[in-house]
């Protein structure tokens with residue numbers, strides 16, 4: 001009898017076993033879907049508003065520093081005492097300063113024999129010799145000019161309203177457009193003076209005999 005030789009016995013089929021392995025939530029990172037996730041507007045910070053608020057709060061001290069010290073100085077002191085405050089300068093001339101400035105002008109007048117457009121309102125020049133002096137457009141309103149020698153002087157456009165010109169010598173003077181309104185001209189001499197367009201309204205003691213008008 002021949003023994004049947006059998007080959008290696010087939011391995012028994014192992015049934016596939018599926019085990020439910022528990023998965024720890026911490027082991028698997030969760031991801032957020034950037035496309036489908038809905039974000040509420042209430043939960044999103046608005047950096048622009050925050051930045052604006054921060055800038056505004058930080059800028060407040062700067063605004064206080066930028067305030068001009070001139071305003072504080074003007075509020076606390078009279079204008080005459082404010083010499084310099086920031087970029088603003090307030091100056092009020094005191095009577096003493098005005099007198100000093102006019103004295104300087106008078107010194108220059110006698111040295112240069114001219115004072116065009118000078119402000120000499122209210123000065124006392126009584127009895128002075130101003131013969132042939134150039135005083136065009138000078139302001140001598142209310143000045144004491146009694147007995148002053150203006151012979152041949154240039155007084156074009158001069159302001160002499162309210163001035164005291166008693167016994168003043170204005171012979172041969174150029175008085176074109178000069179204003180003598182309200183002045184006291186008692187005893188003043190005008191022979192040969194050019195009086196074109198001069199104003200003598202309200203002047204007292206006016207004697208224009210011998211005056212000249214440019215035809």
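Remarks
- Residues that are under 40 Å from the mean Cα position of the chain (by Cα), without any contact (Cβ under 8 Å) to a residue 40 or more places away in the chain and in the same structural domain as residue 123 (by TED's automatic domain parsing) do occur in the range 183-196, at least one of them.
- Residue in the range 144-161 that is in the same structural domain as residue 122 (by TED's automatic domain parsing) and more than 20 Å from residue 117 (Cα to Cα) present: yes
- Filter result for the condition that a residue is touching a strand residue (DSSP E or B) at 6+ places or on another chain (Cβ under 7 Å), surrounded by fewer than 20 Cβ atoms within 10 Å (Cβ to Cβ) and part of a loop (DSSP other than H, G, I, E, B), over 131, 93: 131
- Remark: residue 204 matches the filter, which requires a residue to be farther than 21 Å from residue 120 by Cβ, surrounded by fewer than 17 Cβ atoms within 10 Å (Cβ to Cβ) and in contact with a strand residue (DSSP E or B) (Cβ under 6 Å, 6 or more places away or on another chain).
- Output for the range 103-124, where each listed residue is touching a strand residue (DSSP E or B) at 6+ places or on another chain (Cβ under 7 Å) and either outside any loop (DSSP other than H, G, I, E, B) or more than 21 Å from residue 157 (Cβ to Cβ) (or both): 114, 119, 124
The values are calculated or read from the model by the stated rules, or taken from the named source; none is laboratory data. From a predicted model like this one, the values you see are computed outputs, not experimental measurements. Backbone-built Cβ (ideal geometry, glycine too); neighbour counts: all protein chains shown.
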